[in-house]
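Report on the structure given below.
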Amino acid sequence: MNRAIIRSALFVPASRPERIPKALVSGADAVIVDLEDAVEETLKEQARANLAAFLAAHPEVQLLVRVNAAGHPGHAADLDLCARQSGVCGVLLPKAESAEQVVRAAVTGKPIWPIIESVRGLLALPEIAAVKGIERLSFGALDLGLDIGLANGSAAAGRLLDQARYAILLASRDAGLAPPLDSVFPSIQDLDGLRQAARDARDMGFGGLLCIHPVQVQVVHATLMPSASELDWAQRVLSVGNGSGVFVVDGEMVDAPVLGRARRLLEQAGQISA
């Protein structure tokens with residue numbers, strides 16, 4: 001998995017293993033088998049067994065796994081399963097609230113994606129992001145909003161949640177992590193709303209979004225893709241620029257930050273390597 005081009009990460013519940021093959025052909029950059037929120041408490045053990053059986057039957061498959069949060073009775077068993085399975089290529093740690101929790105998850109030997117979705121997690125961001133073994137951060141807006149006491153979906157809640165996004169972006173950059181993934185967009189049928197959320201995430205600097213339904217994947221990809229005019233501009237900038245100094249393209253000054261933006265656009269489109 002190329003960490004530089006994770007635009008979409010699609011959840012599928014481990015309690016519904018028949019959905020995993022459908023998720024794998026959805027076009028998502030990553031598939032996350034969920035042992036946490038999407039699985040009823042009475043089905044947790046069966047969900048782990050389902051995941052183990054699927055990976056045994058499909059040794060070529062690479063999946064991410066969202067384990068149960070630290071403190072949940074099934075947390076240790078989830079981590080043990082992930083450590084033993086070569087088909088698990090990363091672990092999402094929900095409700096991450098301390099560096100110690102991330103260190104324990106990193107013992108699996110898998111890249112860790114902490115999900116920041118509580119006040120404690122937000123306040124501990126610098127320590128969490130600095131833990132060795134983290135690949136990228138993610139964000140759970142609904143849980144964080146509940147923890148803070150926001151009226152989720154309101155303009156006021158959006159303003160506060162954007163401050164949390166800003167903190168996640170700063171921590172990611174400071175720690176040298178891959179671009180973080182923004183929270184899920186909960187309304188499956190509101191594709192216009194999803195497009196706006198994806199545009200906002202892109203313009204803020206997020207690498208992509210967590211997704212909850214296959215129909216969201218292509219919408220996210222299309223929205224995150226730079227436009228044809230942007231790519232044409234970026235190609236011309238890099239073809240003229242020599243990596244130093246200042247020059248002019250289309251009558252506009254181009255210096256190092258502008259060169260950096262041109263490279264980033266081409267990286268987002270997969271036309272050059274990060």
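The values are calculated or read from the model by the stated rules, or taken from the named source; none is laboratory data. Treat the numbers as computed from the prediction; the structure is a model and nothing was measured. Please note: Cβ atoms are built from the backbone with ideal geometry, for glycine as well, and neighbour counts cover all protein chains shown.
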Given the conditions (1) outside the structural domain of Arg165 (by the TED database); (2) within 22 Å of Glu36 (Cβ to Cβ), every one holds for Val184 apart from (1)
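Could you check the stretch 146-174 and list, in sequence order, the residues that are of a type in the set (Ser, Thr, Tyr) and part of a loop (DSSP other than H, G, I, E, B)?
The one that is of a type in the set (Ser, Thr, Tyr) and part of a loop (DSSP other than H, G, I, E, B): Ser154.
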Against the definition (surrounded by 23 or more Cβ atoms within 10 Å (Cβ to Cβ), within 30 Å of Leu169 (Cβ to Cβ) and within 23 Å of the chain's Cα centre (by Cα)), how does Arg120 come out, yes or no? no
What residue, of Ala77, Ala83, Ala96, Ala105, is surrounded by 24 or more Cβ atoms within 10 Å (Cβ to Cβ), more than 16 Å from the chain's Cα centre (by Cα) and assigned by the TED database to the domain that holds Leu169? Ala105
Which pairs turn up if I take residues in the stretch 123-149 that are under 29 Å from Ser187 (Cα atoms) and look for partners that are of a type in the set (Lys, Arg) with beta carbon separation below 6 Å, at least 6 apart in sequence or on another chain? Glu135/Arg3
Qualifying position, being exposed (fewer than 14 other Cβ atoms within 10 Å of the Cβ), at pLDDT below 95 and over 29 Å from Ala130 (Cβ atoms), among Val237, Val246, Val254, Val258: Val246
Single residue of Ala28, Ala53 found to be buried (at least 18 other Cβ atoms within 10 Å of the Cβ) and of a type in the set (Gly, Ala, Ser): Ala28
Filtering the stretch 132-145 down to residues that are closer than 20 Å to Glu36 by Cβ and either assigned to a helix (DSSP H, G or I) or over 15 Å from the mean Cα position of the chain (by Cα) (or both) yields Gly133, Ala141, Leu142, Asp143, Leu144, Gly145
Exactly one condition in (1) out of contact with any Pro (no Cβ under 8 Å at 6 or more places or on another chain); (2) within 22 Å of Asp182 (Cβ to Cβ); (3) not polar (S, T, N, Q) is false for Arg66; which is it? (1)
Going through Ala167, Ala178, Ala198, Ala171 one at a time, which residue ends up being among the small types (Gly, Ala, Ser), in the same structural domain as Ile112 (by the TED database), surrounded by 16 or more Cβ atoms within 10 Å (Cβ to Cβ) and over 19 Å from Ala96 (Cα atoms)? Ala198
